[in-house]
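Trainee: Have a look at this one before I ask anything.
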Amino acid sequence: MSDEANDERRRAAQLPEGDVIRILMEQHARIRELFADVRSAEGEHKKQAFDELRALLAVHETAEEMILRPVAKDTAGGEEADARNHEEQRANEVLLELEKLTTESAEFDARFVEFEAAVIAHAEREEREEFPYVRAGRSEDQLRRMGTRLRAAEKIAPTHPHPTAAGKPAAQWTVGPFVSLVDRTRDAINRAGGGR
């Protein structure tokens, strides 16, 4: 486990259980671990680690856009929320490009390093420029309710990135459940050997 992931988990553990910011920071720590795993792995393990990372990023970013961003718009300001949504939209576009490459290719590795740097920088900006305002602008009870909603949103969020909906919370609410069902069906078909 990386020092950064450990530090993130320590900071998250200082927040109340179920707090939306704690949940998001714990996910950021797991995302860091998965990036390191993909970079160091080979063969099938690398593909599996990338699949897990991709799924976590898809649900994480969708949940942030649907649950966190509307509050961040009120507390940190519309410009801040829009900047984070734009970063997520771009990340989802790059993730879709990565999905088209084999994890063993040099092109994948080069794009992946750039992608990791962008995602980690995005997470750090959230933690520095967005999360403190959300915490300061909402009560502990509101933060726990947001955490509960985030967990519920994760269950219906797509398992693959959808750039047409990324960065647009209203679109996420519209396509989330349907796209999730389609994606899970695709995933089941792929696991059974009938996909791509």
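All of the numbers you see were taken from the coordinates with simple rules; none came from a lab. From a predicted model like this one, the values you see are computed outputs, not experimental measurements. For neighbour counting, all protein chains shown are included, and Cβ atoms are generated from backbone atoms with ideal geometry for every residue, glycine included.
Trainee: Provide 69, 30 in ascending order of the number of other Cβ atoms located within 10 Å of each residue's Cβ, fewest first. Mind dumping the intermediate values first?
Mentor: Values: 69 25, 30 18.
With the fewest neighbours first, 69, 30 line up as 30, 69.
Trainee: What do the square roots of 5 times the Cα gyration tensor eigenvalues come to for segment 41-131, in whole Å, largest first, as semi-axes of the equivalent ellipsoid?
Mentor: Sorted largest first and rounded, they come to 28, 12, 10 Å.
Trainee: A further question follows. Note the full-extension length gain between residue 148 and residue 121 as 0.36 nm times their separation in residues minus their Cα-Cα distance, in nm to one decimal. Walk me through the numbers before you get to the answer.
Mentor: Values: separation 27, 0.36 × 27 = 9.72 nm, distance 2.62 nm.
That works out to 7.1 nm of additional length.
Trainee: Roughly what would the spin-label model give for residue 129 and residue 107, points 7 Å off Cα along C-beta, in nm?
Mentor: Placing both labels 7 Å beyond Cα along the Cβ direction yields 3.2 nm.
Trainee: Residues of segment 3-23 with backbone nitrogen within less than 20 Å of a virtual label 7 Å along the Cα-to-Cβ line of residue 36, please, listed as ranges.
Mentor: Hits in segment 3-23 for residue 36 at 20 Å: 3-14, 23.
Trainee: Across 10 Å bins from the origin, how do the percents of Cα pairs in segment 1-63 run, short distances first?
Mentor: Whole-percent P(r) values from 0 Å outward: 23, 45, 27, 5.
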